[in-house]
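I have placed the structure first, in the form of structure tokens, so that the comments after it can refer back to it.
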Amino acid sequence: MSAESELTVAGLAHDLNNVFETLSEAAELLSSDSKWTKLANTIRRSVRRGERIVASLNETISDPGDLTDILDNAVLHTEDVLSFTRGTAIQYARDIDPCVTLPGSTAAWERVFVNLFLNAAQANPQGAKVEIGATCAGGIVTVTVADNGPGIPASILPTLFEANVTTKKSRGRRGRRGLGLHIVQSIVAEHGGAVTAQNRQPLGAVFTLTLPQAGVS
Ligand SMILES: Nc1ncnc2c1ncn2[C@@H]1O[C@H](COP(=O)(O)OP(=O)(O)OP(=O)(O)O)[C@@H](O)[C@H]1O
Ligand SMILES: [Mg+2]
């Protein structure tokens, strides 16, 4: 990282930490009224996630992350988002080989799975089913995330991981859409891996992540 971008990251972290402090104070105030306990807890969890993401910007090396812990956090985060945006909760099925660990920042991996889960929920608003599989062989970890939605429109499959590719009509609060899968691909690539997307029969999309297994050379 160049000295200039280090300063930008430090500046962003500093200013975002001020935002987190304000939100934490707001959560404390809210929690004094039992009517708002659930909201206060969601804000606190979201602040902790934000802090972890900010901390991960400066992380270069960390202990290999346990996929089950990463998925637990990503599921909780996705539930928070869906419950506060009136989305239907996802039903998950997992088949995780215990040999699987992910290299690098656990906060970054959480972002990968939250983006994939939210896409599955948005593709199937009636209530998505998401199957997560993970195996390791020959020093390579393979993680699949499959859903039961309508599948990815053929017109965007070739450019799916590029920024600003979207079928959403509404713009985000910051005016941008079509960033989720670009973020997924950037994080996977930063960790030396690759991600692909396919549709499967009779329905649904499947995302496949392949990565070097942490701690295996
Ligand atoms: N699981 C999925 N099933 C069907 N289509 C999908 C799925 N995941 C992604 N897509 C399609 O790919 C597009 C791009 O996804 P991406 O996550 O990059 O952006 P977005 O969800 O449109 O916006 P953002 O994530 O920035 O809010 C989506 O608009 C949708 O059309
Ligand atoms: Mg998305």
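Determine if region 197-211 includes at least one residue that is in a loop (DSSP other than H, G, I, E, B), away from ligand 2 (no atom under 15 Å from the Cβ) and without any contact (Cβ under 8 Å) to a residue 24 or more places away in the chain. Steps first, please.
Of region 197-211, the ones in a loop (DSSP other than H, G, I, E, B) are 200-204.
Subsequent filtering for residues that are away from ligand 2 (no atom under 15 Å from the Cβ) retains 200-204.
Retained after the next criterion (residues that are without any contact (Cβ under 8 Å) to a residue 24 or more places away in the chain): 201-202.
Yes: region 197-211 contains one or more residues that are in a loop (DSSP other than H, G, I, E, B), away from ligand 2 (no atom under 15 Å from the Cβ) and without any contact (Cβ under 8 Å) to a residue 24 or more places away in the chain.
Could you run through region 177-196 and say how many residues are within 16 Å of ligand 2 (Cβ to nearest atom) and either in a helix (DSSP H, G or I) or surrounded by fewer than 12 Cβ atoms within 10 Å (Cβ to Cβ) (or both)?
Residues in region 177-196 being within 16 Å of ligand 2 (Cβ to nearest atom) and either in a helix (DSSP H, G or I) or surrounded by fewer than 12 Cβ atoms within 10 Å (Cβ to Cβ) (or both): 9 in total.
Across region 129-161, what is the total count of residues that are in a loop (DSSP other than H, G, I, E, B), closer than 18 Å to residue 208 by Cβ and either among the aliphatic types (A, V, I, L, M) or near ligand 1 (Cβ under 9 Å from one of its atoms) (or both)?
Of the residues in that region, 5 qualify.
Run residue 82 past the list (1) in the same structural domain as residue 104 (by TED's automatic domain parsing); (2) of a type outside the set (Asp, Glu); (3) loosely packed, with under 13 Cβ neighbours inside 10 Å and report the number of the one that doesn't hold.
All conditions are met except number (3).
Scan region 125-150 for residues that are at pLDDT below 95 and not hydrophobic (A, V, I, L, M, F, W, C) and jot them down.
125, 126, 127, 138, 139
Could you grab the pairs with beta carbons closer than 7 Å, sequence gap of 6+ or different chains, first residue in region 101-122 and within 19 Å of residue 84 (Cβ to Cβ), second one of a type in the set (A, V, I, L, M) and away from ligand 1 (no atom under 15 Å from the Cβ)?
Filtered contacts from region 101-122: 110/70; 111/53; 113/70; 113/71.
Select from region 180-207 the residues that are within 11 Å of ligand 1 (Cβ to nearest atom) and at positive phi and list them in ascending order.
The answer is 204, and nothing else.
Please indicate, with yes or no, whether at least one residue in region 66-77 is within 16 Å of ligand 2 (Cβ to nearest atom) and within 21 Å of residue 191 (Cβ to Cβ).
Yes, region 66-77 has at least one match.
Name the single residue that is farthest from residue 71 (Cα to Cα) among those in region 145-176 being buried (at least 18 other Cβ atoms within 10 Å of the Cβ) and away from ligand 2 (no atom under 14 Å from the Cβ).
That would be 151.
Considering only region 99-107, I want to know if a residue exists there that is part of a loop (DSSP other than H, G, I, E, B) and in contact with a Cys (Cβ under 9 Å, 6 or more places away or on another chain).
yes
Name the residue that is nearest to ligand 2 (Cβ to nearest atom), counting only residues in region 111-128 that are assigned to a loop (DSSP other than H, G, I, E, B) and out of contact with any strand residue (DSSP E or B) (no Cβ under 9 Å at 6 or more places or on another chain).
For region 111-128, the residue satisfying everything is 125.
Does at least one position in region 39-46 carry a residue that is surrounded by 13 or more Cβ atoms within 10 Å (Cβ to Cβ), over 23 Å from residue 195 (Cβ atoms) and among the basic types (Lys, Arg)?
yes
Could you please let me know if residue 203 is hydrophobic (A, V, I, L, M, F, W, C) and under 15 Å from the mean Cα position of the chain (by Cα)?
So residue 203 fails the test.
How many residues does region 85-110 hold that are within 16 Å of ligand 2 (Cβ to nearest atom) and surrounded by 20 or more Cβ atoms within 10 Å (Cβ to Cβ)?
Residues meeting the conditions: 1.
The values are calculated or read from the model by the stated rules, or taken from the named source; none is laboratory data. Predicted model only: the values in this text are computed from it and were never measured. FYI the Cβ positions are ideal-geometry reconstructions off the backbone, even for glycines, and counts take in every protein chain you see.
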